[in-house]
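**Student:** Sharing a structure here in structure tokens format.
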Amino acid sequence: MANYRRLWAVGLALLAVAVSVEAVKKGVFMATQTSVQATVMDVDLNPKPGTGGIVTYSFTTHGERHDVSETLAGAAPAALRRGEPTGVAVSEVGSLLQYSLLAGDRSVARQFAEAGLGALLLASVAGLLAAQGFVRPMIQRRLCRVGVGTAGRVVRKRTVIGPRENVHYVEYEYTATTGPGQPLRGRATVSQALWKAVREGDALTVLYDPARPRRSVAYALCPYRVVPDRIAVT
């Protein structure tokens with residue numbers, strides 16, 4: 001599960017970077033855009049009504065004609081007619097030419113907002129998966145090495161139904177000598193076999209961080225084991 005989350009975290013992080021670059025481009029586009037007139041040359045609608053299509057149009061900047069095609073979603077393409085004029089937003093920054101047909105409720109500001117929100121969402125999900133796939137295993141390994149041991153017990157088991165596979169959780173309770181005094185709770189994600197083997201009320205050894213008592217790991221429920229240091233004998 002940790003490896004699965006790591007792969008997804010890396011993939012989503014790369015995708016978030018790509019979407020962020022697109023959001024920056026849209027931001028520059030929004031700040032430097034000018035509106036020019038274009039002529040619709042062709043409209044190729046999708047078979048299903050109201051689902052968009054490909055619009056081919058022509059516009060001129062600095063005496064140079066540009067014939068371009070743009071894919072539009074929704075009902076906007078259906079309102080365009082071949083040979084009719086329409087508006088297009090154009091931005092030229094150095095050698096970078098950006099353009100966007102202004103049809104329906106389409107605007108560069110809306111495209112910028114969509115790209116920015118998309119990047120933020122992807123980055124948030126990637127960060128969550130990275131925490132689960134990279135940070136949590138590091139914390140678990142550290143607690144297995146230097147954590148303070150105490151007695152604990154299983155207090156609850158639950159399963160979250162997922163689209164591809166179910167996620168099994170075991171919640172446990174323990175008391176830390178350096179903690180607030182009342183019992184603390186932790187949670188572990190376990191395999192289905194281990195989830196079935198554990199029962200509520202079972203005793204557990206819990207390792208916790210004395211500096212942060214709420215940070216803990218139930219030794220029997222984590223994927224790591226403590227082994228002696230290998231000391232070379234000469």
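The values are calculated or read from the model by the stated rules, or taken from the named source; none is laboratory data. Everything numeric here is computed off the predicted structure, so don't read it as measured data. Glycine gets a Cβ as well: all are built from the backbone with ideal geometry, and neighbour counts include every protein chain shown. When the accessible area is computed, the model is the full protein with side chains, heavy atoms only, and any ligands, DNA or RNA have been set aside. Shrake-Rupley method; radii C 1.70, N 1.55, O 1.52, S 1.80 Å.
**Student:** So, in the stretch 185-209, how many residues would count as being assigned to a loop (DSSP other than H, G, I, E, B) and at pLDDT below 90? Reasoning before the result, please.
**Tutor:** Step one: filter the stretch 185-209 for residues assigned to a loop (DSSP other than H, G, I, E, B), giving 191, 198-202.
Of the ones still in play, those that are also at pLDDT below 90 are 191.
Number of matching residues: 1.
**Student:** Would you be able to tell me the number of residues in the stretch 150-172 that are in a strand (DSSP E or B) and over 13 Å from Pro213 (Cβ atoms)? Write out each step before concluding.
**Tutor:** First, the residues of the stretch 150-172 that are in a strand (DSSP E or B): 150-160, 167-172.
Checking the rest, the ones that are also over 13 Å from Pro213 (Cβ atoms) come to 151, 153-160, 167-172.
Residues meeting the conditions: 15.
**Student:** Considering each residue of the stretch 27-39, count those that are among the β-branched types (Val, Ile, Thr), assigned to a strand (DSSP E or B) and at pLDDT below 90, and give that number.
**Tutor:** So in the stretch 27-39, the residues among the β-branched types (Val, Ile, Thr) come out as 28, 32, 34, 36, 39.
Those still in the list that are assigned to a strand (DSSP E or B) too: 34, 36, 39.
From what's left, at pLDDT below 90: 34, 36.
Of the residues in the stretch 27-39, 2 are among the β-branched types (Val, Ile, Thr), assigned to a strand (DSSP E or B) and at pLDDT below 90.
**Student:** Among the residues of the stretch 139-184, count how many are of a type in the set (Ser, Thr, Tyr), at pLDDT below 85 and farther than 30 Å from Asp229 by Cβ. Even if it seems obvious, please write down each step before you answer.
**Tutor:** Here is the first cut: in the stretch 139-184, the ones of a type in the set (Ser, Thr, Tyr) are 150, 159, 169, 172, 174-175, 177-178.
Going one step further and asking which of them are at pLDDT below 85, we end up with 177-178.
Still in the list and also farther than 30 Å from Asp229 by Cβ: none.
Selection size over the stretch 139-184: 0.
For every residue, the table says whether it meets (1) open to solvent by 60 Å² or more (accessible area, probe 1.4 Å); (2) in contact (Cβ under 8 Å) with a residue 60 or more places away in the chain; (3) not acidic (Asp, Glu).
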| site | (1), (2), (3) |
| --- | --- |
| Arg156 | yes, no, yes |
| Arg164 | yes, no, yes |
| Glu171 | no, no, no |
| Gly181 | no, no, yes |
| Leu194 | no, no, yes |
| Arg199 | yes, no, yes |
| Leu204 | no, no, yes |
| Ala211 | yes, no, yes |
| Arg214 | yes, no, yes |
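**Student:** Going through the stretch 42-56 one residue at a time, which ones are out of contact with any Gly (no Cβ under 8 Å at 6 or more places or on another chain) and either open to solvent by less than 80 Å² (accessible area, probe 1.4 Å) or assigned to a strand (DSSP E or B) (or both)?
**Tutor:** To start, the set of residues in the stretch 42-56 that are out of contact with any Gly (no Cβ under 8 Å at 6 or more places or on another chain) comprises 42, 47-49, 53-56.
Hits for the stretch 42-56 are Asp42, Gly53, Ile54, Val55, Thr56.
**Student:** Quick check on Ser69: is it among the polar types (S, T, N, Q), exposed (fewer than 14 other Cβ atoms within 10 Å of the Cβ) and touching a Gly at 6+ places or on another chain (Cβ under 6 Å)? Working first, answer last.
**Tutor:** Numbers: among the polar types (S, T, N, Q): yes; exposed (fewer than 14 other Cβ atoms within 10 Å of the Cβ): yes; touching a Gly at 6+ places or on another chain (Cβ under 6 Å): no.
Criteria not met by Ser69.
**Student:** Can I ask one more? Please name all residue pairs, on different chains or six or more residues apart, with Cβ atoms under 9 Å, provided the first residue is in the stretch 57-79 and is part of a strand (DSSP E or B) and the second residue is of a type in the set (Phe, Trp, Tyr) and open to solvent by 80 Å² or more (accessible area, probe 1.4 Å).
**Tutor:** none
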